[in-house]
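Each remark here refers to the structure printed beneath this line.
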Amino acid sequence: DAKTTQPPSMDCAEGRAANLPCNHSTISGNEYVYWYRQIHSQGPQYIIHGLKNNETNEMASLIITEDRKSSTLILPHATLRDTAVYYCIVRVGSYIPTFGRGTSLIVHP
Amino acid sequence: DAGVIQSPRHEVTEMGQEVTLRCKPISGHNSLFWYRQTMMRGLELLIYFNNNVPIDDSGMPEDRFSAKMPNASFSTLKIQPSEPRDSAVYFCASSPLGWGYGTRGSEQFFGPGTRLTVL
């Protein structure tokens with residue numbers, strides 16, 4: 001079973017920030033939080049990951065709460081091409097990543 | 001960089017036939033992953049190789065499935081005999097480092113997938 005909880009769907013207006021939440025209340029101290037997205041009919045695409053500090057790259061920002069029990073992926077200016085399923089993953093056990101069902105984000109004009 | 005290459009992109013076969021899916025990881029990457037995606041079960045990890053050695057195959061559904069990585073630039077996933085319930089999209093992914101690392105370089109790069117239909 002996935003160790004993360006995400007809302008099944010969200011929507012966002014084009015040009016606005018999309019904030020995707022993820023709960024991972026059982027995360028352990030050495031587990032990283034990863035975000036991937038999957039655009040329809042394509043393979044998943046890595047977005048960002050972090051341990052405890054907030055991270056930013058050219059695609060998104062990752063905000064991790066101080067207790068590390070939840071995180072938020074922020075797409076600062078969502079475009080129609082950001083419509084996808086977004087997966088929040090924590091390292092489970094030793095090597096087996098579990099993608100779960102993710103959040104289906106729809107960006108509308 | 002061509003990314004992860006998978007072939008074929010689509011495969012339609014009849015129940016009982018052998019199916020071989022192929023993957024070429026990104027050059028220089030040390031880890032390779034095979035996933036299966038269906039509507040019912042979502043994205044499932046089947047097997048994970050590190051430096052061509054299978055590290056964890058606990059996700060392989062049954063003995064009909066086998067995976068090999070004879071060298072750093074090629075891997076195969078074989079289903080023999082195939083069954084209709086094997087119909088799915090199969091993804092291959094590679095990573096510069098293994099999944100067990102959390103540092104930069106552990107992210108996975110996915111191929112376009114092979115859509116398998118078993119009639």
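Rounded to the nearest 5, what % of the DSSP beta bridges within chain A are antiparallel ones? If you can, show how the numbers build up before the last one.
Details: 27 of 32 bridges.
DSSP beta bridges in chain A are roughly 85 percent antiparallel.
Applying 1/(1 + (r/R0)^6) with R0 = 35 Å to the Cβ-Cβ distance of A:Thr56 and B:Ala72 gives a FRET efficiency near 0.60. The alpha-carbon atoms of segment B:1-80 define a convex hull whose volume equals 105 cubic angstrom per residue. Shown in residue order for segment B:11-21 are the 3J(HN,Hα) couplings computed by the Karplus curve 6.51 cos²θ - 1.76 cosθ + 1.60 at θ = phi - 60°: 9, 10, 9, 9, 3, x, 7, 7, 10, 10, 9 Hz (x for Gly and Pro).
By other beta-carbon atoms within 10 Å, ranking A:Ile89, B:Ile55 with the fewest at the front produces B:Ile55, A:Ile89. Of the GluC sites (Glu not before Pro) found in segment A:1-98, those that fall in a DSSP loop while having at most 11 other beta-carbon atoms within 10 Å are A:Glu58, A:Glu66.
Place +1 on the Cβ of every Lys and Arg and -1 on the Cβ of every Asp and Glu in the protein assembly as shown, take the dipole about the Cα centre, and give the residue among B:Met60, A:Gly100, A:Val85 whose Cα lies farthest towards its positive end. Value: A:Val85. Lys pairs in the protein assembly as shown, Cα-Cα under 21 Å, at least 8 apart or on separate chains: how many? Qualifying lysine pairs in the protein assembly as shown: 6. By the rule of a second cysteine Cβ within less than 4.7 angstrom, the protein assembly as shown holds isolated cysteines at A:Cys12.
Computed over every Cα-Cα pair of segment B:31-119 and binned at 10 Å starting from 0, the pair-distance distribution P(r) comes out as 17, 51, 27, 5, 0 percent.
Using 14 Å as the cut-off for backbone N distance, which residues of segment B:1-36 belong to the label zone defined by a point 7 Å from the Cα of B:Leu119 along Cα→Cβ? Only B:11-17 fall inside the zone, counting backbone N under 14 Å. Counting Cβ atoms of other protein chains within 10 Å of each Cβ in A:42-55 and taking the mean gives 4. Summary value for chain B: 36 percent relative contact order, contacts being C-alpha pairs under 8 angstrom separated by 6+ residues. When both segment B:3-42 and segment A:34-109 are represented by their alpha-carbon centers, they are found 23 Å apart.
Computed over chain A, the alpha-carbon pair-distance distribution with 5 angstrom bins reads 2, 13, 25, 26, 20, 10, 4, 1, 0, each value a whole percent. With springs only between Cα atoms under 10 Å apart, run a GNM on chain A and tell me which of A:Gly50, A:Gly15, A:Gly29 wobbles the most. Of A:Gly50, A:Gly15, A:Gly29, the most mobile in the Gaussian network model is A:Gly29. For chain A, modelled as a GNM whose springs connect Cα atoms under 10 angstrom apart, the maximal fluctuation among A:Asp82, A:Asp11, A:Asp67 occurs at A:Asp67.
Laboratory data are not the source of any read-out in this text; all were calculated from the coordinates shown. On a predicted model such as this, the values are computed, not experimentally measured, just so you know. Note that each Cβ is placed from the backbone with ideal geometry, even for glycine, and that neighbours are counted across all protein chains shown.
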